[in-house]
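Comments concern the structure below.
Coordinate-derived values only; no laboratory data. The structure displayed is predicted, hence computed values, not measured ones. All Cβ positions, even for glycine, are placed from backbone atoms using ideal geometry, and neighbour counts span all protein chains on display.
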Amino acid sequence: MTTPKSALKEETRKVVAEVLETYPEKARQKRAKHLNVYDEGKTDCGVKSNIKSIPGVMTTRGCAYAGSKGVVWGPVKDMIHLSHGPVGCGYYSWSGRRNYYVGTTGVDTFVTMQFTSDFQERDVVFGGDKKLAKLLVEASELFPLAKGITIQSECPIGLIGDDIEAVAKKATKEIGKAVVPVRCEGFRGVSQSLGHHIANDTVRDWVLPIADKRAKEGSLNFEPGPYDVALIGDYNIGGDAWSSRILLEEMGLRVVTQFSGDGTWNEMLLAPRVKLNLIHCYRSMNYICRHMEEAYGIPWLEFNFFGPTQIAKSLRAIAQRFDETIQAKAEQVIAKYQPQSEAVIAKYRPRLEGKRVMLMVGGLRPRHVIPAFRELGMEVIATGYEFGHGDDYKRTTQYIDDGTLIYDDVSGYEFEEFAKRLKPDLIASGIKEKYVFQKMALPFRQMHSWDYSGPYHGYDGFAVFARDMDLALNSPTWTLVKAPWKS
Amino acid sequence: MPQDIQGIKDHARLFQDPEYQALLQCKQTFEDRPPLEEVARVAEWTKSWEYREKNFQREALTINPAKACQPLGAIFAAAGFEGTLPFVHGSQGCVAYFRTHLTRHFKEPFSAVSTSMTEDAAVFGGLKNLIEGLENAYTLYKPKMIAVCTTCMAEVIGDDLGAFITTARNEGAIPRDFPVPYAHTPSFVGSHITGYDNMLKAILSTLTEPVGRTGSNGHINVIPGFDTYMGNLREIKRIFGLFGIPLTLLADNSDYLDSPNDGTFRMYPGGTPLEVAAQCLNAEATFSFQRYTTPKTLEFLAEASGRPTLTARPVGIRGTDEFLMQLSRLTGRPIPPELEIERGRAVDAFTDSQAWIHGKRVALYGDPDLAMGLLSLLLELGAEPVHVVVTNSNEEFETEARALLASSPYGQGATVWGGKDLWHLRSLMFTEPVDLLIGNSYGKYLWRDTGTPLVRIGYPIFDRHHLHRYPTYGYVGALNLLNWLVNTLLDEADRRSITPSKTDFSFDLIR
C-alpha cells in the first residue's frame, strides 16, 4: 500500500518543523522563510531568497569574486583574468571549474593559469594601484597575444580605496589592449550572484562600447547573417556548450558568439550583431541579455538542453523565432536524435526507475535537470538553490511536483538532516557536500562539475548523464559499506 | 556519429569525433585568432633564454604561485583537535573555497563555518556577525571547541577578535568557559603555513592556560605541520608505539582527513583530545617536523614549557636515521629492532633502484620543509636537484637548503629560487631541462608543456587518488617515495621507447 500524497506532504512539513527546532530562536525565524513544501498550482515555491546567509550555519555559498572571476569572466579564454589582491582567491579558483577551451595555454589562451597581484601588507597599507599599473605592463609584455586583461577585485581592493578604474583606463592606452576593472569584492552582496551581475555590467560598460565603436568604424570584419545567434550563459563545463552548439548549427543557425564558455574577446564584440540571444543560465547572464534587448533590440530566449523532451521543446521554441527552413530543420534534428535518446532511456530507465533524488545546486540546474531525471524514471523529491532569486523560484514551479521540499541557501546541518529523514537514493549537489553523503552510504553526483565527466547538455550529453547516474546509483561498492558481521 | 549505447562517449572521446572537430574549426572563424605561425612563434619564444630573462624581471605580477593563504592552514590545524569546528570571521566565499580545496584533495568532508560578513559589516565591523555566528555554530554543530581565524576582509577593517569573543561570551552566545582560541590570519601576510602556525599557537595557548606546567608526564609532543599525508601521522604513531614512548600529536587530523566509510557521517572524527593537548606543556620535549611552518608555536612551547624543542624531518633514510637517533637520545630508549629491519628493506630497495635514478636531473617545488625533505632524499639516491622553487620561502630556509646542497657532490648544480612561481619554473625547465619534476597537481601543466615526467608529491593533489593515505615519513615512507620516483621514471622510459620499429628496441621487458 502506498502512502497517499497528502500524507507524504504532511510528513515532509513535519520534517521541516523538526529540523528547524534545533536553531536558536532568531536563526530559526530567519531560516523558516527559506524552507517550504511546494503546493501544486502555486506560482511560487514559497521561499524567501537572495538574502544574506546567517553567520555560523555553514552556507554553501561563495562570493561575488567567485561569480565574476570564477563563473562569468574566467572562461573567456584569450584574455588574462587577474585576481587582484591576496594570493588565496586566485589559488583556490585556479582550474577549478573545467571550463573547456581550445587554445595554446600560456600563449594565446589563459583559462587554466593563475594571475595574481599577490598583495602583501605594504600593498594594503599604501594601496595597490602602482603595483597594478606595473603588473598590467608586465602581463602584456609576457603574453603579447592576450586580447585584454580583466581586473577581478578581491575584498581588500574596495576597502582600501584603490582606484582601479583610473589605472585600467590609463593602462588601456599604454598597452593598447582592453583592460576591464571589475568591482567584484567578495563582501559585496550575499552570494556569487551579485558577482555575476557586476561582471555582466562590466561587459556592458567596458566591452560593448568598444564593440559599438568598431561596428561604426566597420572594423569588426564581420558579415551579419539572418540566422546569427549568441549562445549565452553556457560555461562549457565538460564541453556542454559544444554539445549544445552542434544542435543549433545542425538546425541551420550560425552561432556567432559563445559567452563565456570557450569564449573569446572577439565573440563578445560580435554579440550585439546577432538576431537572437539564447540563454541557458538565466541567473548569471540575464542582465547582459536584457541590456542587449534594450540597447540593440536583440530579443532573448531561455532554453533548456537537459533531457530529450526539454531539448526538443527548446529547439522548437528557438526555431519559432526564425523561418520555416529553420523550423523544418529543427524537426529533422529532433527526429535524427530520437533513436539515440530512446536507446539511452531503454537501457538506463529500467536501472533507475523509481529512484528518488535530492538536488541542491547553483544557477539553473535545480530546475533544469529535473525533466532529465524524470525521463530516466527518477523523481526529484527536494530541490533548492545556493543563490537563486525570486524569479528562479517562480520558474521552478513549472518543473516540480506537488509536495517537493524546497530549501533556499540550505545549511550544512539542514541538508544532512533532510537527507537522513527523507532517505533519497541519490544526492546531486557540489563537492563540499559530496563526501558528507557518501559517508552515509548515499550515492552522489556533483552537479556543478559533472563529477569530472560531461558534457550533460544536448542529446549527446543526455547519454553521458544517464550513464553517470547509473554508475553512481548502481555501483557495487555501496553494498560493501556495511561489514557482514554487523547486523 | 550518434552515441553508441554500448560505449557512451564523454568529453575525452566525444569531441574528437569529426562532427565536433568540424564544429571547433567553424567556431574559429569568429574567434579572431592570431595566425598559426604567430602562435607557434610566440610559443617558441616563451621557451627561450630571452623570455626567461624577461620573465625573471617581473616585479609586480605573480603567475601560477605555489602557495595558498593563511586561513587554509589555520582551519587545517584546527581540524586536528577533538570536536573542533573551524570558524572563519570575514567574507563567506573564502570558506567555500577552503572547504572545496581541502575536500578535492582528501576526498573527505571538511566542515567549517563563516560569519558571512557583507557590506554593512565592512562599514560597521563584524561584531554582530561574530556573536550570531558563534551562537548558531555552537547550537547547531555542538562542537567542543571553536577555533576562530580571519579572512583578509576582517583584517583590513581591523576587527578585534579578542574583544568580540569576550562580548559574545558576555551576551551568552557561548558558555563562559567554552574554549574559543582565535588567531588573526591575514592572507596578505605569509601563506597557508603561516596560518597553520598562528592557529596552532592560539589553540595551544588557550588550552594550556588553565592547566599550565604541573611536571613531566613523560610524553613527547610531535607537531606534523601542514602535512597532508595522513599516512605520516599513522606512521609517527606506529614508530612511537614501537619505541614505547607516549606521544601527543599536535594535532592529529588523520581520522578527520582519512575517515572510514561505515555508513555514518561524523562531523568530528578523531582528533587530539582537548584534555591531552592541554597537557602539552608537561611533555618531555617537542618535535616539529616542519620547522618553517611552526616558528611561533615552537617559540611558545619553548617559553611556556621550558622543555627542549627540536626539529626533524624523517624523510628518506638519513632523515629517518637522524630522527630515530634524536628520539633515542632524548628518551634513553633503544631504537627498536623492527625499525632496523625496515631500514634494511628500504636501503635494499634504494640499492635495487638507484641505477635508474642516479644522475637524473630534478626540478621540484613545494613548501620549504617539504622541499628540504625531498632534497635530502634525492641526494642520498644520487639524483641531482637542479631547480628548487619555493614560492613561500624565507631566508633561513634558503640558507639551510643551500648548505645541504653544498654538502653533496650531487647538489652542486642546484639553484634555490625563493619567492618564485611556476611560470618562472617553466622558463627554467625550458632553458635548462631536467629529467623529472616533483610537485603538486599543478605540475601537470609543466609536464604537458615541457614533456618532463611528474611525480606528484605535495599539496594539492587533485588528479590522482589516495596518495595522501600513504606515509612519506620513516623507512616505510622512504619506500613509498622511492616507488613513486623510480616507477615514474620507468613509465617514462617505456613511453619514450614505444614507437614500433623506431624506438621500440629499447622497449625492454626487464628493467
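With an 8 Å cut-off on Cα pairs and a minimum separation of 6 or more residues, tell me the relative contact order of chain A in percent.
Once normalised by length, the contact order is 18 percent.
How much of the pair distance distribution for region B:280-376 lies past 18 Å, counting alpha-carbon pairs only, in percent?
Here the tail beyond 18 Å accounts for 59 percent of pairs.
What average number of partner chain Cβ atoms lie no more than 10 Å from the Cβ of the residues making up B:147-155?
That average works out to 4.
May I ask for the angle, rounded to the nearest 10°, between helix B:474-496 and the longest principal axis of chain B, with both axes built from Cα atoms and the value confined to 0 to 90°?
Helix B:474-496 sits at roughly 20 degrees to that axis.
Magnitude of the Cβ-charge dipole of region A:228-333, K/R +1 and D/E -1, about the Cα centre, nearest 20 debye?
I would put it at about 140 debye.
Can you tell me the relative contact order of chain B? Whole percent, Cα pairs under 8 Å, sequence separation 6 or more.
So the answer I get is 15 percent.
I'd like to know which of A:G377, A:C281, A:L270 lies farthest towards the positive end of the charge dipole of chain A, counting +1 on Cβ of Lys and Arg and -1 on Cβ of Asp and Glu.
A:G377
Placing +1 on the Cβ of each Lys and Arg and -1 on the Cβ of each Asp and Glu in region A:9-156, which of A:G88, A:T109, A:T60 has its Cα farthest towards the positive end of the resulting dipole?
Farthest towards the positive pole: A:T60.
With +1 on each Lys and Arg Cβ and -1 on each Asp and Glu Cβ, and nothing else charged, work out how big the dipole of the protein assembly as shown is about its Cα centre, in Debye to the nearest 20.
Result for the protein assembly as shown is approximately 1180 debye, rounded to the nearest 20.
Which of the peptides A:5-12, A:339-346, A:430-437 is most tightly packed, and how do the rest follow, going by the mean number of other Cβ atoms within 10 Å of each residue?
Highest to lowest by the protection proxy: A:430-437, A:339-346, A:5-12.
Rank the residues B:E53, B:E155 as a footprinting-exposure proxy: fewest other Cβ atoms within 10 Å of their Cβ go first.
With the fewest neighbours first, B:E53, B:E155 line up as B:E53, B:E155.
Distances over 38 Å make up what percent of all Cα-Cα pairs in the protein assembly as shown?
Tail of the P(r) past 38 Å holds 48 percent of the pairs.
Could you size up the charge dipole of chain B around its Cα centre, putting +1 on the beta carbon of Lys and Arg and -1 on that of Asp and Glu, and report it in debye to the nearest 20?
480
Pop out the ³J(HN,Hα) list for region A:463-473 in order, Karplus 6.51 cos²θ - 1.76 cosθ + 1.60 with θ = phi - 60°, rounded to Hz; leave Gly and Pro as x.
4, 5, 4, 4, 4, 5, 5, 5, 5, 6, 6
Using R₀ = 51 Å, calculate the FRET efficiency as 1/(1 + (r/R₀)^6) where r is the Cβ-Cβ separation of B:E19 and A:R28; round to 0.05.
0.40
Mind ranking A:34-43, A:399-408 by how tightly packed they are, going by the mean number of other C-beta atoms within 10 angstrom, highest first?
Order by mean packing, descending: A:399-408, A:34-43.
Would you please calculate the Kirkwood hydrodynamic radius of region B:135-225 over all C-alpha pairs and express it in Å, rounded to one decimal?
14.9
Filter the cross-link list A:K77/A:K177; A:K355/A:K486; A:K52/A:K439; A:K26/B:K128; A:K48/A:K394; A:K423/B:K144 down to pairs whose alpha-carbon distance in this structure exceeds 18 Å.
A:K355/A:K486; A:K52/A:K439; A:K423/B:K144
Two decimals, Cα atoms only, Kirkwood Rh: what is Rg/Rh over region A:64-217?
Ratio of gyration radius to Kirkwood radius for region A:64-217: 0.94.
On the first, second and third principal axes, largest extent first, how far apart are the outermost C-alpha atoms of chain A in Å?
That works out to 75, 60, 43 Å along the principal axes.
For chain B, take the longest principal axis of its alpha carbons; what is the angle in degrees between that and the long axis of helix B:230-243, to the nearest 10 within 0 to 90?
60
Output needed: percent of Cα pairs per 10 Å distance bin for chain B, bins running from 0 to the one holding the longest distance.
All Cα pairs considered, the percentages come to 4, 17, 25, 25, 17, 9, 3, 0, 0.
Expressed as an acute angle from 0 to 90° and rounded to the nearest 10, what is the orientation of the C-alpha long axis of helix A:5-21 relative to the principal long axis of chain A?
With rounding to tens, the tilt is 60 degrees.
So for chain B, taking the charge dipole from beta-carbon charges (+1 Lys/Arg, -1 Asp/Glu), which of B:T311, B:T450, B:A96 sits furthest toward the positive end?
About the Cα centre, the residue reaching furthest to the positive side is B:T311.
I want to check the label-to-label distance for B:E299 and A:K14. Put each point 7 Å from Cα in the C-beta direction and report it in nm to one decimal.
So the two model labels end up 6.0 nm from each other.
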